[in-house]
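Where a number appears in this text, it was derived from the coordinates with a stated rule and is not lab data. These figures come from a predicted structure and were not determined experimentally. Backbone-built Cβ (ideal geometry, glycine too); neighbour counts: all protein chains shown.
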Amino acid sequence: MEFLTLFSVYLGLLLAALALLGACSGRNGRARGPAASGAGQVLSLVIPTWLRRVTQRALHRLFHTRSRLFVALHVALQAAVFAEYTWEVFVYCRELQFPLLLLLLPYVLLAGSAGAFLLCSRTDPGIITKSNHASLVKMYAYDGVLFQKGVTCPTCNVEKPARSKHCSVCSVCVHRFDHHCVWVNNCVGALSTRYFLLYLCALAGAAATVAAVTAAFLTRVVLLSGVMRGSYIDEQGQERAVEILFLVQHLFLTFPRIVFMLGFVTLLTLVLGAYSCFNLYLAFTNQTSNEWYKSRRYGCSHHQALQPHDRQVGYKNIYSKGVWMNLKEIFKPPTVLERQKKT
C-alpha cells in the first residue's frame, strides 16, 4: 500500500475516533462545541443507539472515576518513544558525531518530568477539611461573581471558600481548584499547581527535543545521501526530480519507526506546547482553568463594581497581584499557618 494511502487511512480512522469521542462524551450533549455537536448529529444516523449508550457509559466511567489507566498509558507511550529514540536515533546520531550533551538533553527533561509527575500525583492538592476550613475561608476574598459568600457544598456540607470547587471524581472540595487531571490521577489545586506546571513544561520540552534531534538526524541523512539531487521514474515512465512527497515516502520506507515516532512527537509537541503556554498564561495572571472557563460567561471588564448574581456585569480578576507575586503564590503557596500570622 502506498504511503499516502496508508497515511490517509490512518488519518481517517483517527478523525473517526475523535468524532465518536465527541459524539458520545458528555450527557445530553452538554459541554460540547458546535463541531462536536455536528459530528454527533451525523454519527447518530450511523451508530446504533445501543452502541452510543454503551460508549457513553464507558467514557463517563473512564473520565469521571479515579483510574490508573491513563497513568499506565502515559508511561507506555513515554517508554515506546524513548525506546525508539535510544535504540535507533541515539545510536545513529552518535555515529554521525552529534554533540553528546544534545543527545542526553531529552533524558534530563524526562527525569524532570517524571519527578514532577510523581510529586503532582502524590501531593495533597489542597483538600479542604474540617481542621483547615476556617482558615481557608479567609485565604481569598469573594469576588461576588464567580465565588459567592455563603454558598455551601451539598456533598461536603461546608461553606465553600473562594476559589475552591468540589471535585466529583475525588469526592472532595479542593482549595484553589484548577482541574482534575486524569493523566496524573489527581486534582490540580493550591498545593500541586507548581508541580503540574513543571511536569507539563518538562514533558513538552522532552517531546520537542526528541523531535528536534530526530528531524536533525533525518535532515543530515538526506544531505549526506544526496537524494535531493537525484530523480525517479514515475508510474507513467517519466523521469521526475525528487520532490517532498517522494522524499517523505523514501524516508518512511528506510526508517519507518523513526518517521512514525517523529510524526507522533511533533504532534505531541504542538499539543503540549500550546497547553503549556495556556497554563503559563493562567499562572502569570493568577487564574485557574476553572476560573478562566467560568469567566467566559461574563466577558472581560475593568469595572470595579461587581453585583452578585448579575450576569450582565463584566468579570474582573481580583486575585492577580502582578506576574512576580502571582508566580510566587503558585511556587510558594501560602500555608494556613502563614495566613494566620499575616492576619
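Is there a pair in K149/K332; K294/K321; K138/K316; K149/K328; K130/K316; K138/K321 whose C-alpha atoms are over 24 Å apart, and which pairs would that be? Flagged as over cut-off: K149/K332; K149/K328; K130/K316. Protection proxy ranking, highest mean first, for peptides 258-270, 178-190: 178-190, 258-270, where packing is the per-residue count of other beta-carbon atoms within 10 Å, averaged. Seen from L282, the other residues with C-beta closer than 10 Å to its C-beta sum to a net charge of -2, counting Lys and Arg as +1 and Asp and Glu as -1. Listed peptides 282-290, 70-78 appear in the order 282-290, 70-78 once ranked by packing, highest mean of other Cβ atoms within 10 Å at the front.
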